[in-house]
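A quick write-up on the structure given underneath.
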Amino acid sequence: MELLNIGKHCANPNCKQLDYLPVKCQYCKKDFCAEHSKPIEHNCNEAPSGDGERVPICPLCDTPVPVKRGEDPNVRMDQHIANGCRPPAKTTSTKPFNACSFGKCKERVAVRLLCSECGKNYCIKHRLGPDHMCDKVKIDNKVNNFSSIITSRNSPIKTWVGKMFK
């Protein structure tokens, strides 16, 4: 007789079966056996219409508007629009989030690959500074080239500086 405390009886008035794994209806929040668990099986009054009818979609925000059985979809749509239907915000950027920033490359990657120098996102092919002609790398190369010219032995600048400070 201890098993009578386990489980729940089906909420369907014609069934009342003791079920050890009852299913709670997502609309009316009552417990049912597996046979009556679907809203159509227990004639759920809280469930939106679903007898071959389509759920109306708001033309302004493109979201489905739930309609209960027996309710006029036009009235429900008017309520939805009157209660703050918000159209989706338009994005100013047409570039996808992980698109390569290199010129005309249209490659998209699942993971962001940011250049450590310029901070832009690139595909695997253009991820390194020299591959995407990174401005920071160009500046560093110019400085290195200039300093190598100055430090070379036969540099005209070095000889000019040497003559100035003799």
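Every number in this text was worked out from the coordinates using simple rules, so none of it is lab data. Small disclaimer: the values here were computed from a predicted structure and weren't measured. All Cβ positions, glycine included, derive from the backbone under ideal geometry; neighbour counts span all protein chains shown.
For this structure, a couple of remarks:
- Projecting label points 7 angstrom from Cα along Cα→Cβ for Ala34 and Arg69 puts them 2.4 nm apart.
- Under 10 Å, Cβ to Cβ, from Asn45 - net charge with Lys/Arg +1 and Asp/Glu -1: +1
- Maximal additional length on extending the Leu60-Asn5 stretch stands at 14.7 nm, based on 0.36 nm per residue less the C-alpha distance.
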